[in-house]
Amino acid sequence: MNILLIIVAIIAIILLLTGGFVQSLNFLLWVGIILLVLAVIVWLVRLLTGSRRV
């Protein structure tokens, strides 16, 4: 009975950590997409205005 309780506790901890990692990775994925869109917009504005300054 103790072995079963230990196995269930380990599985619960693994699932808890995995859920937290997935949520944080999902947040970082959205941040990356937003930054990519902003970079494309800035690149298009520089391309259309002809500004070559760094």
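The values are calculated or read from the model by the stated rules, or taken from the named source; none is laboratory data. Remember, it's a predicted structure, so these values are computed and weren't measured experimentally. The area values use the complete protein model at the heavy-atom level, side chains included, leaving out ligands, DNA and RNA. Shrake-Rupley method; radii C 1.70, N 1.55, O 1.52, S 1.80 Å.
For the range 39-50, the count of residues that are open to solvent by less than 80 Å² (accessible area, probe 1.4 Å) and hydroxyl-bearing (Ser, Thr, Tyr) is zero.
Just the residues that are assigned to a helix (DSSP H, G or I) and polar (S, T, N, Q), please, taken from the range 11-54. Correct list: 18, 23, 24, 26, 49. Restricting the range 19-36 to residues that are open to solvent by less than 70 Å² (accessible area, probe 1.4 Å) and of a type outside the set (A, V, I, L, M, F, W, C) leaves a set whose member that is modelled with the highest pLDDT is 32.
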